[in-house]
Amino acid sequence: MQRTARLFAVTLSSVAAAALLASCATTPPTGPMGFFVTSVGSGNGANLGGLAGADAHCQKLASAAGAGARTWRAYLSSTAVAAVAPAPAVPAAHARDRIGKGPWFNAKGVQIASDGSNLHNGNNLTKATALDEKGGTVKGRGDTPNQHDILTGSRPDGTSFGGPGNFTCGNWTQSGEGSAVIGHHDRTGLSTDPWAVSWNSSHQTRGCSQEALVSTGGAGQFYCFAAD
């Protein structure tokens with residue numbers, strides 16, 4: 001009787017251990033916040049104070065959310081600027097090169113992407129996961145107001161357009177005429193075509209002012225990533 005009880009206990013223990021291992025194997029990875037959509041933009045349209053100003057905005061919001069110990073960068077590209085004496089030429093900046101290597105998790109510990117390659121091919125960005133620094137959901141298509149346009153100035157692979165044309169509102173210094181490329185954080189649009197559901201390269205804005213961004217379907221928000 002005692003031997004049977006012992007065998008039953010061993011079997012039960014083995015089953016419990018197997019169940020625990022299975023549970024661990026299926027538990028998604030989690031970690032500290034390394035990604036968010038800004039809860040607010042600059043308030044001055046697409047004039048973010050250049051890349052440096054956008055990075056500072058990310059850092060400020062992250063600090064207010066208790067994550068200021070990390071180094072934050074805006075997911076924004078810029079176009080090259082030709083030399084005009086006495087100012088030297090300025091090369092293009094690629095959003096994908098500014099944000100570190102990952103992995104990146106949102107404010108609730110849900111993994112957004114494991115690395116740069118995964119971020120640009122198969123990431124976990126949806127309306128439910130593209131949260132702001134406070135863990136709040138950002139309004140999308142179907143909400144009032146619709147704020148799913150997220151400034152990026154980038155191609156689908158996270159690189160700068162680089163050529164002629166206004167894709168970055170004067171490298172994030174204009175708040176009047178011009179335009180910038182945006183993505184849809186909620187992965188929805190007027191159709192199911194890849195461009196319409198792209199998180200980082202969907203279409204251009206109607207202008208660079210706050211009013212123009214709002215009328216297009218946004219609020220001047222952008223993505224922030226921890227680069228360390």
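Just so it is clear, none of the values below were taken in a lab; they were calculated from the coordinates. Just so we're clear, the structure is a prediction, and the values are computed from it rather than from any experiment. A quick note on method: Cβ atoms are made from the backbone with ideal geometry, for glycine too, and the neighbour counts reach across all protein chains shown.
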Mean ellipticity per residue at 222 nm, deg cm²/dmol - from DSSP H runs of n ≥ 4 across the chain, formula -39500 (n - 2.57): -7500 deg cm²/dmol
Would you work out the Kirkwood radius for the range 31-226? I mean one over the mean of 1/r across all pairs of different Cα atoms, in Å. 16.3
Cross-chain or 8 or more residues apart, Cα under 18 Å: how many lysine pairs in the range 30-188 fit that? Count them up, please. 5
Spin-label proximity, V84 to the range 144-173 - amide N less than 13 Å from point 7 Å beyond Cα toward beta carbon: 170-171
Any idea what angle helix 2-26 forms with the longest principal axis of the chain, computed on alpha-carbon atoms, 0 to 90 degrees, nearest 10? 10
Cα centroid separation - the range 164-228 against the range 70-148, whole Å: 12
Please work out the Cα convex hull volume for the range 171-228 and give it in Å³ per residue. 95
